[in-house]
1. Determine, yes or no, whether residue 151 is without any contact (Cβ under 8 Å) to a residue 40 or more places away in the chain, touching a strand residue (DSSP E or B) at 6+ places or on another chain (Cβ under 8 Å), over 21 Å from residue 10 (Cα atoms) and assigned to a loop (DSSP other than H, G, I, E, B).
2. So which residues in region 163-178 are in contact (Cβ under 8 Å) with a residue 60 or more places away in the chain and in a loop (DSSP other than H, G, I, E, B), if there are any at all?
3. May I ask you to list pairs of residues, at least six apart or on different chains, whose Cβ atoms are under 8 Å apart, with the first in region 50-70 being touching a residue at least 60 places away in the same chain (Cβ under 8 Å) and at positive phi and the second being assigned to a strand (DSSP E or B) and crowded, with 18+ Cβ neighbours inside 10 Å?
4. If you go through region 128-140 one residue at a time, how many are touching a residue at least 24 places away in the same chain (Cβ under 8 Å) and loosely packed, with under 11 Cβ neighbours inside 10 Å?
5. Can you tell which of 182, 157 is in a loop (DSSP other than H, G, I, E, B), modelled with pLDDT of 95 or more and either surrounded by 19 or more Cβ atoms within 10 Å (Cβ to Cβ) or more than 16 Å from the chain's Cα centre (by Cα) (or both)?
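The values are calculated or read from the model by the stated rules, or taken from the named source; none is laboratory data. Everything numeric in this text was worked out from a predicted model, so none of it was measured. Every residue, glycine as well, gets a Cβ built from its backbone with ideal geometry; the counts of neighbours run over all protein chains shown.
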């Protein structure tokens, strides 16, 4: 397993070691001991989620506040997405900066999104199955978000906005400067 910290402190790209032969492949998608050692955390995941989406579906940017903040370990089981993590930590040197990583069933990369980050993704393939672990349970009253096309963040989603498909809820999210981040 290769774990590399991104330009945003605490946010890691994880590349598993894949064993492949004529029968197919095998890889360990998660190992708590190795994960905590390499990320220098004591993250304990308590919930797994999965979504299926079509090309152009953009989910995000979402986060949980306060005691319900969530760290996430995200990956793509089938297809390809552009995954985005935005630093919203109050005293961070990289507040308002983001990292974007292509995750796919071919590259098998994962992204660890620590607490204090907004998260979202857009499907680049015809369809995608997206899976993620959370270290805290979802709480509706603590959810927050930032609009996907915020001019301060200026995220390049790699597709034409004409091809985007968003939920009504995500279309109503506030801009970064107006979002309740803490």
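1. On the way: without any contact (Cβ under 8 Å) to a residue 40 or more places away in the chain: yes; touching a strand residue (DSSP E or B) at 6+ places or on another chain (Cβ under 8 Å): no; over 21 Å from residue 10 (Cα atoms): yes; assigned to a loop (DSSP other than H, G, I, E, B): yes.
Answer is no for this residue.
2. Passing the criteria: 164, 166, 167, 173.
3. Taking only residues 6 or more apart or on different chains, the pairs are 56/122; 56/123; 60/84; 60/118; 60/119; 60/120; 60/121; 60/145.
4. Of the residues in region 128-140, the ones touching a residue at least 24 places away in the same chain (Cβ under 8 Å) are 128-139.
From the residues that got through so far, the ones that are loosely packed, with under 11 Cβ neighbours inside 10 Å too are 137.
Count: 1.
5. Values: 182 fails: modelled with pLDDT of 95 or more.
The match here is 157.
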